[in-house]
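This report concerns only the one structure given below.
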Amino acid sequence: MEDGSQNWRYPSSGSIGGSLYSTPAVADLNGDGDLEIVFGCGNGFVYALNPDGTLFWSRNLSASISYSSAAICDIDGDTRPEVLIGTAGNRLYCLNGEDGTILWNYLTGNQITSSPVPVDADGDGNLGVLIGSHDYNMYLIDISPTYDGSKEEGVSGGQWLVVTPGRGGMLVRFALTESSPVSLDLYDISGALVCSASLGQLDAGEHSRFVATARSGVLFLVLTTPGGSRTATCVIPGR
């Protein structure tokens, strides 16, 4: 260890069956005081290893993980770590750090080779996820601190809000965990209201709306339901 000699390898013999380009991430996944090692592989699996190089858990995401490296943090405020990673199947995945269960996934328009960045973009004290896709878009996914996502593999779940800016407005996509009345309010960087819209009562599940605006620059989109509000920041390009 101090002289660069090999302590262990995974697997101990043979090959893992895929290329390794993602950088390992290290964190205490189960609260035992020891650091586990997490990485993605070209065979579509995410692996978590114990400090001695033995397998802690693995999860098949059914698409190659090319260059996206895992980010590990408490993204949903439940005091337990989650693992975030992108795949060539166009999806960002959030996994339970303790056992690798898929908590939710978000579909973009092309493969994800960038690494997710947890960030509090709007200063509300809650983390979101910033990710780039080969569809030429950056996505800022806002995760509700009261998140209660689907625990079924391959199923998008949980409450999220993401805005994709473009000329003349923005595409707003969001998910609800239960049927709720929804309103959208758009503010400029000074806090002045630009426009607002009531979407009425919407069913649980995923929704999308296009919000047209002649404004450009930094704007803040606030989605409000009886259970609270979520905010996404976007930059509308000038004409």
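The table that follows gives values for the structure above.
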{"item": "Odd one out for G42, checked against (1) closer than 19 Å to R91 by Cα; (2) open to solvent by 50 Å² or more (accessible area, probe 1.4 Å)", "result": "(2)"}
{"item": "Residue, nearest to the chain's Cα centre (by Cα), within segment 112-132, restricted to residues that are at pLDDT below 90 and assigned to a loop (DSSP other than H, G, I, E, B)", "result": "L127"}
{"item": "Hey, R209 among the basic types (K, R), open to solvent by 70 Å² or more (accessible area, probe 1.4 Å) and over 14 Å from V235 (Cα atoms) or not", "result": "yes"}
{"item": "One residue from S62, S15 being open to solvent by 60 Å² or more (accessible area, probe 1.4 Å), small (G, A, S), assigned to a loop (DSSP other than H, G, I, E, B) and free of Cβ contacts under 8 Å to residues at least 24 places away in the same chain", "result": "S15"}
{"item": "E98 being outside any strand (DSSP E or B), modelled with pLDDT of 90 or more and over 14 Å from the mean Cα position of the chain (by Cα)", "result": "yes"}
{"item": "Residue within segment 144-151 that is touching a Gly at 6+ places or on another chain (Cβ under 7 Å), surrounded by fewer than 21 Cβ atoms within 10 Å (Cβ to Cβ) and at pLDDT 50 or above present", "result": "no"}
{"item": "Hits in segment 212-236 (condition: over 18 Å from the mean Cα position of the chain (by Cα), closer than 19 Å to I131 by Cα and open to solvent by 30 Å² or more (accessible area, probe 1.4 Å))", "result": "V218, F220, V235"}
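Conditions (1) open to solvent by 40 Å² or more (accessible area, probe 1.4 Å); (2) closer than 14 Å to R230 by Cα; (3) over 23 Å from the mean Cα position of the chain (by Cα), marked per residue:
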{"position": "W160", "(1), (2), (3)": "no, yes, no"}
{"position": "V163", "(1), (2), (3)": "no, yes, no"}
{"position": "G169", "(1), (2), (3)": "no, no, yes"}
{"position": "R173", "(1), (2), (3)": "yes, yes, no"}
{"position": "T177", "(1), (2), (3)": "yes, yes, no"}
{"position": "V182", "(1), (2), (3)": "no, yes, no"}
{"position": "D185", "(1), (2), (3)": "no, yes, yes"}
{"position": "S190", "(1), (2), (3)": "yes, no, yes"}
{"position": "S198", "(1), (2), (3)": "yes, no, yes"}
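The values are calculated or read from the model by the stated rules, or taken from the named source; none is laboratory data. This structure is a prediction, so every number in the text was calculated from the model and none was measured. Neighbour counts run over all protein chains shown; Cβ positions are idealised from the backbone, glycine included. The protein model used for the area step is the full one, side chains on, heavy atoms only, and it has no ligands, DNA or RNA in it. Shrake-Rupley method; radii C 1.70, N 1.55, O 1.52, S 1.80 Å.
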